[in-house]
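Presented below is the structure to which this report refers.
The values are calculated or read from the model by the stated rules, or taken from the named source; none is laboratory data. This one's a predicted model, so the numbers in the text were calculated from it and none came from an experiment. FYI the Cβ positions are ideal-geometry reconstructions off the backbone, even for glycines, and counts take in every protein chain you see. Side chains included, ligands, DNA and RNA excluded: accessible areas come from the protein's heavy atoms. Shrake-Rupley method; radii C 1.70, N 1.55, O 1.52, S 1.80 Å.
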Amino acid sequence: MLWEFRARTMGAGESVRSSRRDFLFVATASTFAVGITAVVWPVINSLSPADDVRALAVSVEVDLSPIEVGQRITVMWRSMPVFIDHRSQERIAEARATNLAELRDPQRDEDRALRPEWLIQVGICTHLGCIPLGQQSGDPVGDWDGWFCACHGSQYDSSGRVRKGPAPRNLEIPPYAFVSDMMVRIG
């Protein structure tokens, strides 16, 4: 419509120049928009978490059936090690017989394990974030048959409660639920 008005009010040569100028303006603006999109899209896309990180952030399901009594395994959840301990009746009795007055961060064993035979906790020392030893057979487990942080000497009992050393708190219990008899969902 604008072009028709210009063509009527100006000479034939003016309308050709005007339409060429309009075309160049539209072409330049379009090229600029495509270029900006090509540069901005990868930047915005890079701010999204990677697929493996997204998968770890939600939850992890662990099949407990291959874990024998007395065996400990480590799984990763949210880029953190999670210790799963299939405790024997002796370890459960030892953990439950502990006098809570002796503990720096008093917690009953019953409050730390949904099922007595399965202790599930984040395997990061609460002092400076080290990973305590005790998951592999032959690792030092400290004086209380639990976990030992070799970096600064913190010791945890068979319920993951701090008993000695500079650690201020017990090993953290992640949110978890048993989805079946031998399947647990962490997170």
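Annotation: of all residues in segment 76-106 being more than 23 Å from Arg185 (Cα to Cα) and polar (S, T, N, Q), the one that is modelled with the highest pLDDT is Gln89. Pairs linking a residue in segment 76-102 that is under 20 Å from Ile131 (Cα atoms) to a residue that is open to solvent by 80 Å² or more (accessible area, probe 1.4 Å) and part of a strand (DSSP E or B), with Cβ atoms under 8 Å and 6 or more positions apart or on different chains, are Val82/Met76.
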